[in-house]
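Asker: Take a look at this one; I'll ask things after.
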Amino acid sequence: MHIRYTSQARKDLTELLGYATREYPESLPILLVQLRRTERQIREYPESLPLVTERPTVRIAKVSRYPYRIFFRIQQHAIEVLFVHHTARKQ
């Protein structure tokens, strides 16, 4: 299934990658691999990921080894990534 990113999700990813590039450049390749794996999991098995209790149409995917969560919803012809959240930040 096709994945579509909202403008907020694209902004979140740009900030996340910018921060990692500046502060942890040696870890950036591993982060990119984990983000791609998470995206593949969302694309291939979206319904296997848990629903958010407060928003029953929204699901969440954890980025392995990193404190990031990707929030998305399944639509008729695509998966829409809503935003990417750092678990240490309030949203």
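The values are calculated or read from the model by the stated rules, or taken from the named source; none is laboratory data. It should be emphasised that the depicted structure is a prediction, and the values quoted were computed from it without experimental measurement. Note that we place each Cβ from the backbone using ideal geometry, even for glycine, and neighbour counts take in every protein chain shown.
Asker: Assess whether ILE42 counts as being out of contact with any helix residue (DSSP H, G or I) (no Cβ under 8 Å at 6 or more places or on another chain) and under 16 Å from HIS2 (Cβ atoms).
Answerer: Considered against the rule, which asks whether it is out of contact with any helix residue (DSSP H, G or I) (no Cβ under 8 Å at 6 or more places or on another chain) and under 16 Å from HIS2 (Cβ atoms), ILE42 comes out as yes.
Asker: I would also like to ask the following. Could you check segment 12-30 and list, in sequence order, the residues that are out of contact with any strand residue (DSSP E or B) (no Cβ under 8 Å at 6 or more places or on another chain), within 17 Å of PHE83 (Cα to Cα) and not charged (D, E, K, R)?
Answerer: THR14, LEU17, GLY18, TYR19
Asker: Can we say GLU39 is of a type in the set (Asp, Glu), surrounded by 14 or more Cβ atoms within 10 Å (Cβ to Cβ) and touching a Ser or Thr at 6+ places or on another chain (Cβ under 7 Å)?
Answerer: no
Asker: Can you name the condition, by its number, that PRO50 falls short on among (1) touching a strand residue (DSSP E or B) at 6+ places or on another chain (Cβ under 9 Å); (2) at pLDDT 95 or above; (3) within 17 Å of LYS11 (Cα to Cα); (4) surrounded by fewer than 14 Cβ atoms within 10 Å (Cβ to Cβ)?
Answerer: The one condition PRO50 does not meet is (3).
Asker: For the condition of a type in the set (Lys, Arg) and within 10 Å of the chain's Cα centre (by Cα), what is the one hit in ARG69, ARG40?
Answerer: ARG69
Asker: Restricting to segment 45-65, name every residue that is in contact (Cβ under 8 Å) with a residue 24 or more places away in the chain and more than 10 Å from the chain's Cα centre (by Cα).
Answerer: Once the filter is applied, which keeps residues that are in contact (Cβ under 8 Å) with a residue 24 or more places away in the chain and more than 10 Å from the chain's Cα centre (by Cα), segment 45-65 yields PRO46, GLU47, VAL58, SER64, ARG65.
Asker: Out of ARG69, ARG36, ARG40, ARG65, report the one residue that is under 25 Å from GLU15 (Cα atoms), touching a strand residue (DSSP E or B) at 6+ places or on another chain (Cβ under 8 Å) and basic (Lys, Arg).
Answerer: ARG69
Asker: Kindly evaluate TYR68 against the criterion of being aromatic (Phe, Trp, Tyr) and free of Cβ contacts under 8 Å to residues at least 24 places away in the same chain.
Answerer: no
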